[in-house]
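Structure first, then comments.
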Amino acid sequence: MRLAAAALLMAVLSAGALAQSTENVTVTGTKSREVLLKFVQSFAAPARISGKMVRWQEGVCPLTVGLKPQFTQFFTGHMKDVAARAGAPVNARATCKPNIEIVFTTTPQALVDNVRARRPALLGYFDNDRQADALAKVSHPIQAWYTTATKDLRGKSVLDNAMLQGTGETPAIAGDMGSLIWSSAAVTGSRLGDGKSSAFYHIIILVEPDSLKDYEIGTLGDYIAMLALTQMNGLDSCQALPSIMNLMAKDCAPITGLSDADMAYLKGLYRMSADRNLNIQRDQIAYDMQQALEGK
């Protein structure tokens with residue numbers, strides 16, 4: 001079962017390989033709060049501006065391009081299914097404005113170079129051209145670029161952008177990302193949480209199919225879904241718990257589907273208090289993971 005050729009993909013489809021690929025991995029001896037908290041701390045990266053965990057607050061609307069329709073439908077549908085199971089908001093409309101773009105391409109670097117030239121904000125947060133150039137480097141066969149936004153106490157969403165940092169002003173989203181207005185963020189004085197929260201605004205996920213000939217389509221769907229629902233801290237280190245994110249990291253124990261730990265993490269992420277500080281958020285996720293993995 002290969003992804004490289006359409007004929008082989010069709011064989012995968014007909015063989016039923018698009019069935020749910022989640023593996024029920026038993027997490028033995030790793031249910032302690034300390035172990036789970038360390039996993040959460042190393043697994044996902046907080047937003048640069050708020051320093052908080054990032055998640056979708058608007059309904060996810062994935063779009064897959066670069067494959068035949070039946071295969072694009074699988075990846076798009078699978079993304080929505082995993083999001084719904086995790087408790088993330090899903091845009092249920094038949095037509096919606098895509099905020100997750102899954103692009104299968106044999107020339108990923110050329111595509112990212114074009115984004116760098118025309119819409120660099122889609123690469124994510126950067127302070128200068130050197131950082132933008134580093135963000136624009138393709139280094140993995142599946143790779144994601146995150147645009148995030150910060151929501152203040154009054155519910156106003158502002159795009160995370162370095163243009164105005166240090167001025168006390170931030171560019172607010174007004175329709176399209178290119179339409180920006182100026183506004184001041186409203187916050188609280190609490191040490192437990194300042195009233196701000198971080199949300200995904202747009203994610204690009206590039207997939208280079210020629211490098212993925214040995215992976216089943218369901219496994220790739222799970223890997224892509226994880227990239228789309230949380231901002232990973234890195235793709236090259238083995239995770240402390242069984243995780244789909246070990247799939248392409250060197251010398252890691254192979255996992256071919258979303259593990260129990262993966263799903264427990266995602267559910268915790270989408271249940272946590274979005275306006276609390278980072279330490280509280282991580283502790284909430286670890287607690288929810290512990291409850292889920294112990295069957296409570």
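The values are calculated or read from the model by the stated rules, or taken from the named source; none is laboratory data. The model shown is predicted, which means the values in this text are computed figures rather than measured ones. Cβ coordinates were reconstructed from backbone atoms using ideal geometry, including for glycine residues, and neighbour counts include every protein chain displayed.
Things to note:
- Among the candidates LYS250, LYS267, the residue that is basic (Lys, Arg) and more than 30 Å from PRO209 (Cβ to Cβ) is uniquely LYS267.
- Residue in the stretch 105-116 that is in contact with a helix residue (DSSP H, G or I) (Cβ under 6 Å, 6 or more places away or on another chain), part of a helix (DSSP H, G or I) and under 30 Å from ASP194 (Cβ atoms) present: no
- Some residue of the stretch 158-175 being exposed (fewer than 14 other Cβ atoms within 10 Å of the Cβ) and either at pLDDT 70 or above or under 26 Å from THR72 (Cβ atoms) (or both): no
- Of the residues making up the stretch 1-60, those that are modelled with pLDDT of 60 or more, surrounded by fewer than 20 Cβ atoms within 10 Å (Cβ to Cβ) and assigned to a helix (DSSP H, G or I) number 7.
- The set of residues in the stretch 68-84 being in contact (Cβ under 8 Å) with a residue 60 or more places away in the chain, over 15 Å from the mean Cα position of the chain (by Cα) and surrounded by 14 or more Cβ atoms within 10 Å (Cβ to Cβ) consists of PHE71, PHE74.
- Within the stretch 214-229, if we keep just the residues that are over 15 Å from ALA86 (Cα atoms) and among the charged types (D, E, K, R), the residue that is modelled with the highest pLDDT turns out to be GLU216.
- For the stretch 195-296, the helices (runs of 4 or more DSSP H) that sit wholly inside it and include 1 or more residues that are buried (at least 23 other Cβ atoms within 10 Å of the Cβ), under 13 Å from the mean Cα position of the chain (by Cα) and not polar (S, T, N, Q) are 217-229, 260-269.
- Taking each residue of the stretch 133-161 that is more than 22 Å from THR230 (Cβ to Cβ) and looking for partners that are assigned to a loop (DSSP other than H, G, I, E, B) and among the β-branched types (Val, Ile, Thr) with beta-carbon atoms closer than 9 Å, six or more apart or interchain, yields ASP152/VAL187; LEU153/VAL187; LEU153/THR188.
- Of all the numbered requirements in (1) in contact with a Pro (Cβ under 7 Å, 6 or more places away or on another chain); (2) modelled with pLDDT under 95, ASP129 misses one, and that requirement is (1).
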